[in-house]
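Participant: Please read through the structure below; I'll follow up with questions.
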Amino acid sequence: MKTSDRNPCAVVYPWTQRYFAHFGNLYNPEMILANPKIANHGVVVFRGLEMAVQNMDNIKNTYANLSKLHSEKLHVDPDNFQLLADCITIVIATKMRSAFTPEKQATWYKFLSVVVSALSKQYF
Amino acid sequence: VESQAERSAIVGLWEQLSVDEIGPQALARLLIVYPWTQRYFASLGDLSSPAAIMGNPKVATHGKVVMGALEKGVKNLDDIKSTYAALSEMHSDKFHVDPDNFKLLTESLTICVAMKLGPSVFTADAQDAWSKFLAVVVSAFCEQSR
């Protein structure tokens, strides 16, 4: 699951590709889905998310450096964090199907909201 | 404006869904995951817990109404704006719905669709076409809010 979640984001929200120009061929959905750099980076992102899962009491500090990196070095528009969060949720729902109950969706949404907020923190 | 391939994808996806099944699920998820939206549905009765929401027959009925309205969009892909002009006015002038909430409903709906169809059917391309369709619907609904 971890490698494929980035693919919908780059496909469905194509303007996000501007942040990944160095990943090579993002020319069409097929290329994006097959691109190994995208796949590897999907794992990197998920490992980043895992840090929050393991530090749920202190997500803000956990992401202080990552937030600075995304704002000062990568210049990512923070609106895009929510797009990726939405894509991750859809991939999880697709994978888990009926196991992704409404209660789980609610809890997951709360968690991702905190993550998105923490990543946006250093922008302001 | 969707391409012919995207339109076929949307119609193809829709054919695999049941209005009566997905509508209630999507509305229930909206009310559970984004509980502030319950303020618009006081007339639906008991929304006091996820179990209450999921068991509430009025929620189920209204979910079907919402999906039925979405079906009109699927059947009128060329003219979604006019299709939803009256509904859009109703949601803004009569119900005073914050237009940000339309996107939350489409998120919930997309999750229900993804769960139903699974990864082999709800591919990245399918999600792309589906989300474009919903974005046009949401835009049509926001039209009268301005």
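Taken together, the values in this text are just the output of simple stated rules run on the coordinates, not laboratory data. Model, not experiment: these values are computed from the prediction. Cβ sites come from the backbone with ideal geometry, for glycine too, and all protein chains shown count toward neighbours.
Participant: When the expected Rg is taken as 2.2 N^0.38 Å, what fraction or multiple of it is the alpha-carbon Rg of segment B:1-138?
Facilitator: Cα-based Rg divided by the globular estimate yields 1.04.
Participant: In addition: Just the number, please: Stokes-Einstein D of the protein assembly as shown in µm²/s, Kirkwood Rh from C-alpha pairs, 10 °C, 1.306 mPa s.
Facilitator: Calculated translational D: 81 µm²/s.
Participant: Across peptide A:13-24, how many C-beta atoms of other chains are within 10 Å of each residue C-beta, on average?
Facilitator: If you average over the peptide's residues, the count of other-chain Cβ atoms is 0.
Participant: Between their Cα atoms, which of B:Lys81/B:Lys103; A:Lys104/B:Lys64; A:Lys60/B:Lys103; B:Lys75/B:Lys132 are more than 21 Å away from each other?
Facilitator: Values: B:Lys81/B:Lys103 16 Å; A:Lys104/B:Lys64 23 Å; A:Lys60/B:Lys103 27 Å; B:Lys75/B:Lys132 15 Å.
Checking Cα-Cα distances, A:Lys104/B:Lys64; A:Lys60/B:Lys103 exceed 21 Å.
Participant: A further question on this structure: Check which residues have an amide H placed less than 5 Å from B:Leu47's amide H, if you skip close sequence neighbours.
Facilitator: For B:Leu47, no residues qualify.
Participant: Mind listing which chymotrypsin sites (Phe, Trp or Tyr not before Pro) in segment B:85-146 are in a DSSP loop and have 12 or fewer other Cβ atoms within 10 Å?
Facilitator: Numbers: sites: B:Phe95, B:Phe102, B:Phe122, B:Trp130, B:Phe133, B:Phe141; in loops: B:Phe95, B:Phe122.
Passing both the DSSP loop test and the Cβ count: B:Phe95.
Participant: In addition: Between A:Tyr13 and A:Lys73, what is the label-to-label distance in nm when each label sits 7 Å out along the Cα-to-Cβ direction?
Facilitator: Those two pseudo-labels are separated by 2.1 nm.
Participant: Here is a further query. Using Cα-Cα distances under 8 Å and only pairs 6 or more residues apart, what relative contact order does chain A have, in percent?
Facilitator: So the answer I get is 33 percent.
Participant: Let me have the 222 nm mean residue ellipticity of the protein assembly as shown computed from DSSP H runs of 4+ only, each contributing -39500 (n - 2.57), with the sum over all residues rounded to the nearest 500.
Facilitator: About -21000 deg cm²/dmol.
Participant: Taking 7 Å along the Cα-to-C-beta vector as the label spot, tell me the A:Val44-A:Glu30 distance in nanometres, rounded to one decimal.
Facilitator: 2.7
Participant: Using the 4.7 Å Cβ rule, please list in number order the cysteines from the protein assembly as shown without any candidate partner.
Facilitator: For the protein assembly as shown, the answer is B:Cys112, B:Cys142, because their Cβ atoms have no other cysteine Cβ under 4.7 Å.
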